[in-house]
Amino acid sequence: MLNIRRFIVRILILLTLTSFLVLITACDVKDEPIITETTEPTAEPVTEPVTEPVTEPVTEPISRDAVLLEDAQKTNGWQVFIDDIYGLYGFKDSAGNIVIEASFLDAENFEGGRAIVMVESDEYFGILDGGVYGLIDPKGEFIIEPEGLITRVDQWHYLYAMGNDYYPAYGIDGFSMMKRDFLDANGQLLGDERYYYVEAINEDLFLANIGTKSLFINGEGMLLKDYPEFGFAVTSKISGDTITLIPLDEPAERIQYMMSTDGKLLENKSSSGLLTEGVTYKLEMISPYIGSSVIFPVLTMNDLTIQDKMNQAIQNFATKSIWETDLSGEKIENYDELEQISQTVVNEFSMSLQNNLMNLNSFGYFYGFGAAHPNSFMSTKYLDFRTGEVLSLEMLFEENHDWRLAIVKEIDYLFMSDEEAYLYIEKTQTEAERLKLFYDAHFEVSFEEEFMIVYFPVYEIAPYAAGILSYEISYAVLDDFYDWDSDFYSALFKY
């Protein structure tokens, strides 16, 4: 019995050890699948779906250009209308529906998604008398507050000046009397300069003037350094890829510059004239500042020495004729600091020959903004066509001979003989009184083939309506006063 018990105990111990070894082996297999031989299809293991975290899509901000294009498209076809009751301006869409109520004193149609409107103001005189201007969007909200003057350059650009007393009209837009900010359609300042005017040539090329010169900028207001600059105000005409530049103060277009759209000067097409056989001329211009210009001839002659001498003399006359004072008579010390002009002055020199005497006649006008009319002025200078020397009228007469009195006596005779003559001088005055008034007045003399012309500037002896009064005086009247040996006399009478 004891042996059987021992046998049974041994068997139990062996079974326990075997079970323990099987358990250890199973643990070493870990997660590997147990492959069993079977004829049945093996089912795919079922896996739980993995859920990714949900993120909101990132929205890119809409660009200003996109907003403008959307506004431009939205307002396409919108038209200004005037309220029948109050006479105010508003806007209707293409279907005739009111989209912006009538609340403005004046308005322009939408262009590029923006419209210039006027609101009431009694703060200023001149062009802002009664109202100032602002820029609105399609909602009727102000992009630029109504505080001054806004003018459109093109669909996307504007010029803006703060409110002040401005008087028209000058320049390509009628408002080139003051410097203005160059703005985009969102009211943002473009570039560092302020301009008297900006003229669009194409979408990214603009002609602008800063007062002392005209230059070219791009649509961001940046200076195009490879493009030419002009020392006077110019405007442009476009034909294909060619830009014609014309001085603003020479509307007859006798001075022209041809330029390509990439800034290359192609040609100076200024018109030329014939003075006499072998002598031609072209016109040039000098201008210290916008609104002040002098036009003068430049000669081409066979004798280069005389040519240079005469051209230098003419240019000196032109330079000295430049007005360097403002409307109040104050001298302009620094043109770069000017922000506004109060007048325009344009002067032109023309030539005529009487034998070997050149009459260099200057005719011009000045206009103070706000005045009823411009005023004109004239003068005559003299050059010896044989030598290029400058001559003075006094050189024609003997010293200590009162040639002026001889001239005014002849003028008084012509005046008294003219029943329709109307001067400040009265015919009822004594001859001595009349002669003194004529004598003390300023007059100029130009020389023609058979007589001299004596003329008086506007207002000198007659009202503005009389214009520039002139009298033809026979050369024989002054026979007793000429200096027959003078260069002036020999040039005039060619001997």
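The values are calculated or read from the model by the stated rules, or taken from the named source; none is laboratory data. It should be emphasised that the depicted structure is a prediction, and the values quoted were computed from it without experimental measurement. We place every Cβ from the backbone using ideal geometry, glycine too, and count neighbours over all the protein chains shown. Side chains are part of the model used for accessible areas, which takes the heavy atoms of the whole protein and leaves out ligands, DNA and RNA. Shrake-Rupley method; radii C 1.70, N 1.55, O 1.52, S 1.80 Å.
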Subject >> the chain, accessible surface, carbon-and-sulfur percent (1.4 angstrom probe) >> reply: 52
Original post:
Too long at a 32 Å Cα-Cα cut-off: which of Lys331/Lys409; Lys179/Lys264; Lys179/Lys269; Lys237/Lys282?
Top reply: Lys331/Lys409
**OP:** Ratio to report: Rg/Rh of the chain, with Cα atoms as the point set and Rh obtained by the Kirkwood method; give two decimals.
**Re:** 1.46
Original post:
Just the accessible area for Phe481, please: 1.4 Å probe, Å², rounded to the nearest 10?
Top reply: 40
Original post:
What figure in square angstrom, to the nearest 10, would you give for the accessible area of Lys427 with a 1.4 Å probe?
Top reply: 70
Original post:
When the helices in the chain are scored as -39500 (n - 2.57) per DSSP H run of 4 or longer and the sum is shared across all residues, what 222 nm value do you end up with, to the nearest 500 deg cm²/dmol?
Top reply: -6000 deg cm²/dmol
Original post:
Along region 404-417, what does the Karplus equation 6.51 cos²θ - 1.76 cosθ + 1.60 (θ = phi - 60°) give for ³J(HN,Hα), rounded to whole Hz, x for Gly and Pro?
Top reply: 4, 5, 5, 5, 6, 5, 5, 5, 4, 5, 5, 4, 5, 7
Original post:
Using 0.36 nm per residue, how much length does the chain from Ala252 to Tyr464 gain when fully extended, once their Cα-Cα distance is taken away?
Top reply: 73.8 nm
Subject >> Mean separation of Cα contacts under 8 Å (6+ apart) over length of region 181-322, as relative contact order % >> reply: 13
Subject >> Per residue accessible area in Å² of region 320-450, where ligands, DNA and RNA are left out and the probe is 1.4 Å >> reply: 56
**OP:** Under a cut-off of 21 Å between alpha-carbon atoms, report the lysines in cross-link reach of Lys139, not counting same-chain residues fewer than 8 places apart.
**Re:** Lys74, Lys92
Original post:
When ligands, DNA and RNA are left out and all protein chains stay put, how many square angstrom of accessible area per residue does region 173-215 have with a 1.4 Å probe?
Top reply: 33
Original post:
Relative to the first principal axis of the alpha-carbon coordinates of the chain, what is the inclination of helix 64-74, with its axis defined by its Cα atoms, in degrees from 0 to 90 and to the nearest 10?
Top reply: 80
Subject >> Amide hydrogen neighbours beyond the local backbone of Gly140, cut-off 5 Å, H modeled >> reply: none
Original post:
If you plug each phi of region 89-94 into the Karplus form 6.51 cos²θ - 1.76 cosθ + 1.60 with θ = phi - 60°, what whole-Hz ³J(HN,Hα) values come out, in order, with x for Gly and Pro?
Top reply: 9, x, 9, 10, 7, 5
Original post:
Ranked by accessible surface with a 1.4 Å probe, highest first, in what order do Glu450, Glu229, Glu419 come?
Top reply: Glu419, Glu450, Glu229
Original post:
So how do Ile172, Ile407 rank on accessible area, 1.4 Å probe, biggest first, that is with the largest at the start?
Top reply: Ile172, Ile407
**OP:** Be a star and scan region 63-86 for residues whose amide nitrogen sits under 20 Å from the point 7 Å along the Cα-to-Cβ vector of Asn186.
**Re:** 63-75
Original post:
Applying the Karplus parametrisation 6.51 cos²θ - 1.76 cosθ + 1.60 with θ = phi - 60° to the phi angles of region 448-456, what ³J(HN,Hα) value in whole Hz is obtained for each residue in order, glycine and proline being reported as x?
Top reply: 10, 5, 10, 7, 9, 10, 9, 10, 10
Original post:
So if we plug the beta-carbon distance of Asp204 and Glu333 into 1/(1 + (r/R0)^6) with R0 = 35 Å, what FRET efficiency do we get, rounded to 0.05?
Top reply: 0.40
**OP:** Considering only protein heavy atoms, with the full assembly of protein chains and a 1.4 angstrom probe, order Thr212, Thr75 by accessible area, largest first.
**Re:** Thr212, Thr75
Original post:
Of Tyr365, Ile100, Tyr196, which is farthest along the charge dipole of the chain in the positive direction, counting Lys and Arg as +1 and Asp and Glu as -1 at C-beta?
Top reply: Ile100
